[in-house]
Amino acid sequence: MIKINEAVIVEGKYDKIKLSGILDTVIIETDGFGVFKDKEKQRLIRFLAEKRGIIIMTDSDSAGFKIRSFLNGITDVKNIKNVFIPDVYGKEKRKTEMSREGKIGVEGIETELILSALQKAGVFCSENDKPSGREITRTDFFEDGVSGGENSSEIRTALARELGLPTRISASSLLKIINTCMTYDEYKTAVKKIRKMKNA
């Protein structure tokens, strides 16, 4: 069990059961889209965010991203760490068939991938552990075609896959994650590799 200070927000009870075997912390379920109308749960999430910070870990499908976006909108962003699980296709053991998008949710993701996602989001590191050197900026993204260009979506998707992140991730979220787990040189190497593959 890994003890962390932040509370973790997940979608459902099976996600909570999964993470309860990995993390020693408060874990709150949104009950899927139920949190949209549950004012009491919204107040609890805001309270936890203010007092200890929160980690949002929703599924990598469209529903998960809608819930994540909602939670980011009701809470001060400085108190949030967004943890993105990668796109993994398949079926959870307890289900009889795959989900509509065919992606496995938090409950079915391997522990190693969950720990990797937490690490990429900077959950386990202090300020001193973050990559040294200059940060990657929005300007870098624009100049490298990761955002603001004709093929930016394609390049961003390839970069997300290269880093083991969901392909739905936004440019701003991708930038934050990259700055917690990569140096500028590592980022440039990854972009160069993607461009080479694209032109092959």
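The values are calculated or read from the model by the stated rules, or taken from the named source; none is laboratory data. What you are looking at is a predicted structure, and each value in this text was computed from that prediction instead of being measured. Reconstructed Cβ throughout: ideal geometry from the backbone, glycine too, with neighbour counts over all protein chains shown. These area figures cover heavy atoms from the full protein model, side chains too; ligands, DNA and RNA do not enter into them. Shrake-Rupley method; radii C 1.70, N 1.55, O 1.52, S 1.80 Å.
Over region 114-200, what percent of the accessible surface lies on carbon and sulfur atoms, probe 1.4 Å? Could the numbers behind the result be given before it?
Details: 2320 of 5050 Å².
Roughly 46 percent of what the probe reaches on region 114-200 is carbon or sulfur.
What per residue convex hull volume, in Å³, comes out for region 1-158 when only alpha-carbon positions are used?
On the way: hull volume 22.3 nm³, N = 158.
Residue-normalised Cα hull volume stands at 141 Å³.
Once you list every other residue whose beta carbon is under 15 Å from the beta carbon of residue 64, what net charge do they have if Lys and Arg are +1 and Asp and Glu are -1? Walk me through the numbers on the way to the answer.
Numbers: positive: 16, 18, 66, 68, 100, 103, 168; negative: 11, 15, 29, 31, 59, 61, 87, 92, 101, 107.
Neighbour charge sum, excluding residue 64 itself: -3.
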Next on the checklist: With a 1.4 Å probe and all protein chains left in place, how much accessible area per residue does region 86-200 have, in Å²?
Outcome noted: 60
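What pairs from 51/78; 18/176; 41/176; 81/188 go past 22 Å between their alpha carbons? Working shown, then result.
Working: 51/78 12 Å; 18/176 26 Å; 41/176 27 Å; 81/188 24 Å.
Beyond 22 Å: 18/176; 41/176; 81/188.
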Item to check | Gyration tensor verdict on region 107-200 (Cα atoms; rounded if a/c is under 1.5, prolate if a/b is larger than b/c, oblate otherwise) | outcome: oblate
Checklist entry - Near residue 158, within a Cβ-to-Cβ distance under 10 Å, what is the net charge of the other residues, with Lys and Arg +1 and Asp and Glu -1? => result +3
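Net charge within 10 Å of residue 29 by Cβ-Cβ distance, Lys/Arg positive one each and Asp/Glu negative one each, not counting residue 29 itself?
Values: positive: 13, 16, 41; negative: 11, 15, 31.
Counting the neighbours of residue 29, the net charge comes to 0.
Output the antiparallel fraction of DSSP beta bridges having both residues in the chain, as a percent to the nearest 5. Working shown, then result.
Numbers: 1 of 12 bridges.
Here the antiparallel bridges make up roughly 10 percent for the chain.
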Checklist entry - If you find the alpha carbon centre of region 94-154 and of region 1-56, how far apart are they in angstrom? => result 20
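Go through 60-68, 88-96, 18-26 and give me the packing order, highest mean Cβ count within 10 Å leading. Don't skip to the end; give the middle numbers.
Values: 60-68: 19.8, 88-96: 11.4, 18-26: 15.9.
Listed from highest to lowest mean packing, they are 60-68, 18-26, 88-96.
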Checklist entry - If you build a Gaussian network model of the chain, linking Cα atoms that sit under 10 Å apart, which residue out of 179, 79, 151 swings the most? => result 151
Checklist entry - Counting pairs of alpha carbon atoms under 8 Å apart in space and at least six apart in sequence, what relative contact order in percent does region 8-72 give? => result 37
Next on the checklist: Helix-only mean residue ellipticity at 222 nm, the chain, DSSP H runs n ≥ 4 weighted -39,500 (n - 2.57), per residue, nearest 500. What is it?
Outcome noted: -13500 deg cm²/dmol
